[in-house]
């Protein structure tokens with residue numbers, strides 16, 4: 001049995017290093033619904049690479065440790081399965097919980113009201129253009145429409161973002177400095 005436990009640890013650690021080196025994401029197939037309330041097997045995350053890494057690594061390690069400490073084969077096997085399964089389920093559960101609560105760096109157009117930008121394409125009241133805005137340390141481009149009777153504004157004009165428009169566009173006005 002010692003060889004089986006050593007093989008499990010070696011395979012689990014190999015999977016772990018391969019996921020680090022290849023930069024792969026967990027292959028948890030289940031769409032956006034991670035609670036699996038209707039799946040019936042939400043407690044059995046077999047499709048998760050993370051689950052298998054933890055099951056093999058910690059289960060194999062526990063089985064090896066129990067064997068070397070003189071436990072019977074049955075106790076070692078039960079301990080290995082329980083610890084491996086528990087650590088795999090716990091790891092997947094923690095990651096799922098964290099991803100539900102993760103903070104996004106995406107910026108909504110409502111957050112941009114009152115900021116300034118620069119037109120990279122000319123814009124007018126009925127002629128959509130494009131405005132570039134510095135957001136959270138990077139530059140983002142948005143569709144821009146000039147408000148009211150602001151007239152057409154050429155490329156390079158500094159604009160003030162006044163309001164959110166239709167479908168994520170921004171209503172802008174010439175920014176007087």
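Computed from the coordinates by the stated procedures, all read-outs in this text should not be read as laboratory data. Worth saying up front: this structure is predicted, and the values here are computed from it rather than measured. Methodologically, a virtual Cβ is constructed for each residue, glycine included, from the backbone with ideal geometry; neighbour enumeration extends over all protein chains shown.
Packing here is the average count of other Cβ atoms within 10 Å per residue, and on that basis the peptides 150-161, 80-91, 53-64, 11-22, highest first, run 53-64, 80-91, 150-161, 11-22. Of 163, 73, the sequence from fewest to most neighbouring Cβ atoms within 10 angstrom is 73, 163.
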